[in-house]
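See structure below.
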Amino acid sequence: MKRSKLFIDTGAWIALMSTSDQHHKKARHFFEQLDFSITRITSSCVIAETYTWLRYREGAIYAQRFLDIINHSKANRALDVIDVDTDTRELAEQILLDLADQRLSYTDAVNLAIMKKEQIHQVFGFDQSFYHTEMEIVP
């Protein structure tokens with residue numbers, strides 16, 4: 001039986017970590033209700049983006065707590081973190097060309113490339129850039 005996959009984007013991590021985020025309660029509720037059979041996936045780009053956001057806006061303690069959660073989750077096999085390889089980077093750059101008329105960051109394109117390669121169709125996040133794709137945005 002094939003396990004469902006869920007990509008966790010920067011906005012979801014920020015909402016989970018920052019109690020002042022407008023989506024905090026919704027994100028916490030959704031995350032706490034997630035079935036353990038769902039494979040949770042994020043990217044090294046998302047981790048970098050989230051760490052930077054937390055470090056600059058919430059402080060070093062929050063940013064370090066985020067890294068601790070990521071590392072603990074990886075160690076317990078509760079989270080897969082995908083690093084960007086050459087094929088993914090090339091696909092991301094093609095996505096940027098194909099969607100040049102859209103507001104899409106490099107990290108967004110990398111994440112879309114990962115989701116395409118990994119056949120992930122659901123994104124936990126609040127980023128508007130995914131709304132013009134075939135991805136289902138949750139919650």
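The values are calculated or read from the model by the stated rules, or taken from the named source; none is laboratory data. It should be emphasised that the depicted structure is a prediction, and the values quoted were computed from it without experimental measurement. All Cβ positions, glycine included, derive from the backbone under ideal geometry; neighbour counts span all protein chains shown. These area figures cover heavy atoms from the full protein model, side chains too; ligands, DNA and RNA do not enter into them. Shrake-Rupley method; radii C 1.70, N 1.55, O 1.52, S 1.80 Å.
Relative to the first principal axis of the alpha-carbon coordinates of the chain, what is the inclination of helix 24-33, with its axis defined by its Cα atoms, in degrees from 0 to 90 and to the nearest 10?
That works out to roughly 90 degrees.
Taking a ≥ b ≥ c as the square roots of the eigenvalues of the Cα gyration tensor of the range 52-105, is the shape rounded (a/c under 1.5), prolate (a/b larger than b/c) or oblate? Spell out each step's value before the answer.
Values: a/c = 3.69, a/b = 1.60, b/c = 2.32.
Verdict is oblate for the range 52-105.
I'd like the Karplus ³J(HN,Hα) series for the range 42-56: coefficients 6.51, -1.76, 1.60, θ = phi - 60°, whole numbers in Hz, and an x wherever there's a Gly or Pro.
With coefficients 6.51, -1.76 and 1.60, one gets 9, 10, 4, 5, 5, 4, 4, 5, 5, 4, 4, 4, 5, 4, 7 Hz.
Give the accessible area for Arg55 in Å² (nearest 10); use a 1.4 Å probe, count only protein heavy atoms, and leave out ligands, DNA and RNA.
Near enough 100 Å² of accessible area.
In the Gaussian network model of the chain, springs joining C-alpha atoms below 10 Å, which of Phe30, Phe66, Phe124 carries the largest mean-square fluctuation?
Phe30
Among Ala60, Ala27, Ala15, which one shows the highest mean-square fluctuation when the chain is modelled as a Gaussian network with alpha-carbon springs under 10 Å?
In the Gaussian network model the winner is Ala60.
For Ile69, tell me the accessible area in Å² from a 1.4 Å probe, rounded to the nearest 10.
70
How tilted is helix 106-118 with respect to the longest principal axis of the chain? Cα atoms for both, answer in degrees (0 to 90, nearest 10).
Approximately 80 degrees, to the nearest ten.
With a sphere of radius 13 Å drawn around the Cβ of Thr86, what net charge do the other residues whose Cβ falls strictly inside it have (Lys, Arg +1; Asp, Glu -1)? Working shown, then result.
Details: positive: Arg89, Lys117; negative: Asp83, Asp85, Asp87, Glu90, Glu93.
So the surrounding residues net to -3.
Once you've got the GNM for the chain with C-alpha springs shorter than 10 Å, pick whichever of Val84, Val123, Val110 has the biggest mean-square fluctuation.
Judging by the Gaussian network model, the answer is Val84.
Helix 86-98 versus the longest principal axis of the chain: what is the Cα-based angle in degrees, 0 to 90, to the nearest 10?
With both axes taken from Cα atoms, the answer is about 70 degrees.
If you roll a 1.4 Å probe over the heavy atoms of the protein chains, what accessible area per residue do you get for the range 1-100, in Å²?
63
Using a 1.4 Å probe over the heavy atoms of the protein chains, calculate the carbon and sulfur portion of the accessible area of the chain as a whole percent.
The C+S portion of the solvent-accessible surface of the chain is 49 percent.
Quick one: accessible surface of Lys116, probe radius 1.4 Å, all protein chains present, in square angstrom to the nearest 10.
Lys116 has an accessible surface of roughly 140 Å² with all protein chains in place.
Using the Kirkwood formula over every pair of different C-alpha atoms, what hydrodynamic radius in Å results for the chain?
15.4
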